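Engineer: One structure is given below, represented as structure tokens, and several questions about it will come after.
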Amino acid sequence: AQKITQTQPGMFVQEKEAVTLDCTYDTSDPSYGLFWYKQPSSGEMIFLIYQGSYDQQNATEGRYSLNFQKARKSANLVISASQLGDSAMYFCAMREHTGTASKLTFGTGTRLQVTL
Amino acid sequence: NAGVTQTPKFRILKIGQSMTLQCTQDMNHNYMYWYRQDPGMGLKLIYYSVGAGITDKGEVPNGYNVSRSTTEDFPLRLELAAPSQTSVYFCASSYPPGSTNEQYFGPGTRLTVT
């Protein structure tokens, strides 16, 4: 079974609108972390936001917020007031605590296109 | 503070050739990782290291080797390159678990094997 599932290969959003990128995960580890990374066309991976499995509040970082629904095992990224520069690939990733390592498992990504 | 640097940025190899992808970080992170990203896909873990002298396999280690003689450097070696190793390779580093543990990524190396 996929550990991280991103069901939206591509999304369009108009400038200044909000958009939600979906992410569901599967783990039996009670302690885990969820990350979102942005990959613009230049190729680098940019960290956006993190949610720990024990965090009570949904994480927020500027225009990014993470809608964490633990019972549903979902960790959707919400981008408010979209900008043209938000056009990029977005990857959801999960960190499980396997021994002493801290490895990330990535989803297949969602390509977001922001239009005028 | 340069973060994570990778060399080269691009490389074309012939089938059967070998090469080493270099990765250096100046953040004194114990943890370092190598990922590959195939077209239209997410990243897959090749190898990782939790400190100098300690390495372990990730999800897709076949055809690769690593070493970690210093905290700063984590080179990835490809022996007998194959077309299936055409990919973009990312090196990353992080602090140990217990914090946000964000992984900092290098800019990537685009490798083509023909």
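Engineer: I'd like to verify a number: residues in segment B:51-63 that are surrounded by 14 or more Cβ atoms within 10 Å (Cβ to Cβ) and out of contact with any helix residue (DSSP H, G or I) (no Cβ under 8 Å at 6 or more places or on another chain), how many?
Structural biologist: Final tally of qualifying residues: 7.
Engineer: Would you be able to say whether some residue in segment B:25-41 is at pLDDT 95 or above, over 16 Å from B:VAL4 (Cβ atoms) and of a type outside the set (D, E, K, R)?
Structural biologist: no
Okay, residues lined up against (1) over 17 Å from A:THR105 (Cα atoms); (2) among the polar types (S, T, N, Q); (3) part of a loop (DSSP other than H, G, I, E, B); (4) away from chain A (no Cβ under 14 Å):
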residue: B:ILE12; (1), (2), (3), (4): yes, no, no, yes
residue: B:ILE15; (1), (2), (3), (4): yes, no, yes, yes
residue: B:GLN22; (1), (2), (3), (4): yes, yes, no, yes
residue: B:LEU80; (1), (2), (3), (4): yes, no, yes, yes
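Engineer: With A:ARG111, A:ARG95 as the choices, which residue is farther than 28 Å from B:VAL50 by Cβ, facing another protein chain (nearest Cβ under 10 Å) and more than 10 Å from the chain's Cα centre (by Cα)?
Structural biologist: Only one candidate qualifies: A:ARG111.
Engineer: Here are the criteria: (1) in contact (Cβ under 8 Å) with a residue 40 or more places away in the chain; (2) over 19 Å from B:ASP38 (Cα atoms); (3) part of a strand (DSSP E or B); (4) not β-branched (Val, Ile, Thr). Tell me which single one A:SER82 does not satisfy.
Structural biologist: Failed condition: (3).
Engineer: Another question, then. From B:ASP38, B:ASP26, which residue is within 11 Å of chain A (Cβ to nearest Cβ), more than 17 Å from A:LYS103 (Cβ to Cβ) and exposed (fewer than 15 other Cβ atoms within 10 Å of the Cβ)?
Structural biologist: Criteria check complete, one pass: B:ASP38.
Engineer: Buried (at least 20 other Cβ atoms within 10 Å of the Cβ) and among the charged types (D, E, K, R), is that true of B:ARG11?
Structural biologist: No.
Engineer: Kindly provide the set of residues from segment A:19-32 that are out of contact with any Phe, Trp or Tyr (no Cβ under 6 Å at 6 or more places or on another chain) and more than 15 Å from A:GLY85 (Cα to Cα), ordered by number.
Structural biologist: Scanning segment A:19-32 gives A:THR20, A:ASP22, A:CYS23, A:THR24, A:TYR25, A:ASP26, A:THR27, A:SER28, A:ASP29, A:PRO30, A:SER31, A:TYR32.
Engineer: Go over the candidates A:THR110, A:THR105 one by one and state the one that is polar (S, T, N, Q), buried (at least 20 other Cβ atoms within 10 Å of the Cβ) and closer than 15 Å to A:ASP26 by Cβ.
Structural biologist: A:THR105
Engineer: While we're on this one: Only one of these conditions is not met by B:VAL50: (1) within 14 Å of chain A (Cβ to nearest Cβ); (2) under 12 Å from the mean Cα position of the chain (by Cα). Which number is it?
Structural biologist: Of the numbered conditions (1) within 14 Å of chain A (Cβ to nearest Cβ); (2) under 12 Å from the mean Cα position of the chain (by Cα), the odd one out for B:VAL50 is (2).
Engineer: Next up: For B:ASN1, indicate whether it is in a loop (DSSP other than H, G, I, E, B), loosely packed, with under 14 Cβ neighbours inside 10 Å, away from chain A (no Cβ under 14 Å) and free of Cβ contacts under 8 Å to residues at least 12 places away in the same chain.
Structural biologist: no
The values are calculated or read from the model by the stated rules, or taken from the named source; none is laboratory data. Bear in mind the structure is a predicted one, so any value in this text is a computation, not a measurement. Backbone-built Cβ (ideal geometry, glycine too); neighbour counts: all protein chains shown.
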